[in-house]
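Note sheet for the following structure.
The values are calculated or read from the model by the stated rules, or taken from the named source; none is laboratory data. Bear in mind the structure is a predicted one, so any value in this text is a computation, not a measurement. Virtual Cβ from ideal backbone geometry, glycine too; neighbours counted across all protein chains shown.
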Amino acid sequence: MDVLTGELLVFVLLAPMVLRPFSVKIQGVQSIAVLPVIALICVLLIIAGNGLSVLLLLTAAVSLVFFLSSIPSLYRFISGIPTEWFGPGWKIYAVFLILVLGASAGVVWIYRPEAVPLPADVTELTVPVTGSFQSGFSTARNMGERTSGTVYIWYRAGETVSGTPVLYLPDAGASMAECRVTARLLASEGFVVIGADFNQSRYLEQEISHPAVRSFCFRLSGGLPWFFLPLPEDAIIREKTRELTALAELVESGGLPVPAGDGGGSGPLLLFAEGHAAAAAEAFRLLSPRERSSAFYLVTEGEPGLPESEQTMRIRFGSGGIASWAGLFETVIVEGTPGQLFGFGNIGILQPLDALLLGGKPDREGQQALMAASLAGRYFLRRDMFFRSGSGSE
């Protein structure tokens, strides 16, 4: 909702400029010419902090048009010219801008982020990290130190149900910050959930360091492949495998402020992956020195590169819950339809218009995210109980 507030604030800042020709009271207030400049700066700051979406691009485009239209008034204000005349042509143009402003504000309001009741007892930590995939990552120690990414940690207040954290790996179509609703809901099940956004990750031919901007451009590459060229799928899987390896090394180094669970870290390695990242998680799992890891994959039906063995359980998303004997399996694969947009994080919650343009739909009240977190939480709990009982030991 912070992004929505920022977008509406931008429209409020732009309104006096187009209302000025029709109001005698504010026609003499020349400082109004500065407001479009402030609005444009606000939009850029919102994009820098939250990444891109269709609505933010719309807001930025409207702000830019208003800024360019305000340049003559801004020049008069800076030059100290006391008079400004609004002729019939400018008034007609102002009416057009009023219509554009009202329509844009209406679209932003209609496709605002979904209101999702999030658990209040879950804490979210953001930990900046430095380093590289070649040399390894570590937590940033100095305030002014240049960072290479951000690690996100979610945990519920009080005792956790597993001593091993859940490592969350989003697909290339979503940054970790864009998966925070599902991660937070999973943490409310009693798990410590850890994910990361690395600035050096690359899914496109173009190098884009901002994770949320990078994921938006990757989604855009489906419609504009001549502008944003995605890397081959096997290259993206290798990149996601590097991310998961780096995250696991960060966790195992003990440098992250991860709450200790009551399991003492003796349980299996827990993985949660979406979309194509599931193939990367599976490659990592098979090469991991830690025995008997467990993975929960949320994928579109027919996703390649996933295991087919007696240690794998497949279920349809929405067909029911997790069976009591699910803890016997090393891997649970939950398959959905293309319209459920698995691999795009919480796009149906945070960016409903983007979800519609991708062929999906808004995730009303976060029901899809809640179901995914519930299925994963129940599987991990049953898997943890399986190991605690001694059934998983050789």
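State whether one or more residues within segment 51-70 are surrounded by fewer than 16 Cβ atoms within 10 Å (Cβ to Cβ), of a type outside the set (A, V, I, L, M, F, W, C) and assigned to a helix (DSSP H, G or I). Within segment 51-70, not a single residue is surrounded by fewer than 16 Cβ atoms within 10 Å (Cβ to Cβ), of a type outside the set (A, V, I, L, M, F, W, C) and assigned to a helix (DSSP H, G or I). Within segment 135-147, does at least one residue satisfy the condition of being on the phi < 0 side of the Ramachandran plot, touching a Phe, Trp or Tyr at 6+ places or on another chain (Cβ under 9 Å) and not aromatic (F, W, Y)? No, segment 135-147 contains no residue that is on the phi < 0 side of the Ramachandran plot, touching a Phe, Trp or Tyr at 6+ places or on another chain (Cβ under 9 Å) and not aromatic (F, W, Y).
Yes/no per residue for (1) surrounded by 11 or more Cβ atoms within 10 Å (Cβ to Cβ); (2) outside any strand (DSSP E or B); (3) among the aromatic types (F, W, Y):
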{"site": "R76", "(1), (2), (3)": "yes, yes, no"}
{"site": "W90", "(1), (2), (3)": "yes, yes, yes"}
{"site": "A94", "(1), (2), (3)": "yes, yes, no"}
{"site": "V100", "(1), (2), (3)": "yes, yes, no"}
{"site": "A103", "(1), (2), (3)": "yes, yes, no"}
{"site": "R112", "(1), (2), (3)": "yes, yes, no"}
{"site": "V116", "(1), (2), (3)": "yes, yes, no"}
{"site": "G131", "(1), (2), (3)": "yes, no, no"}
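For segment 290-325, taking the residues that are assigned to a loop (DSSP other than H, G, I, E, B) and among the hydrophobic types (A, V, I, L, M, F, W, C), the one that is surrounded by the fewest Cβ atoms within 10 Å (Cβ to Cβ) is identified as W325. For A103, the conditions (1) under 24 Å from D363 (Cβ atoms); (2) modelled with pLDDT of 90 or more are fulfilled apart from (1). Close contacts from segment 186-214, counting a first residue that is without any contact (Cβ under 8 Å) to a residue 12 or more places away in the chain and a second that is buried (at least 23 other Cβ atoms within 10 Å of the Cβ), with Cβ to Cβ under 8 Å and a gap of 6+ residues or different chains, come to I208/R214. Taking the stated definitions as given, is G343 in contact with a Gly (Cβ under 6 Å, 6 or more places away or on another chain), over 15 Å from S294 (Cβ atoms) and either outside the structural domain of G275 (by TED's automatic domain parsing) or modelled with pLDDT under 90 (or both)? So G343 passes the test. Of the listed requirements (1) closer than 23 Å to S53 by Cα; (2) assigned by TED's automatic domain parsing to the domain that holds S63; (3) of a type in the set (V, I, T), I92 misses just one: (1). Filtering segment 349-385 to residues that are more than 19 Å from P170 (Cβ to Cβ) and not in a loop (DSSP other than H, G, I, E, B) leaves L353, L356, L357, R364, E365, Q367, R378, L381, R382, R383, D384, M385. The residue pairs whose first member lies in segment 351-368 and is at pLDDT 90 or above, whose second member is basic (K, R) and assigned to a loop (DSSP other than H, G, I, E, B), and whose beta carbons are closer than 6 Å, counting only pairs six or more residues apart or on different chains, do not exist in this structure. Applying the condition of being of a type outside the set (A, V, I, L, M) and in a helix (DSSP H, G or I) to segment 12-31 and asking which residue is nearest to G89 (Cα to Cα) yields P21.
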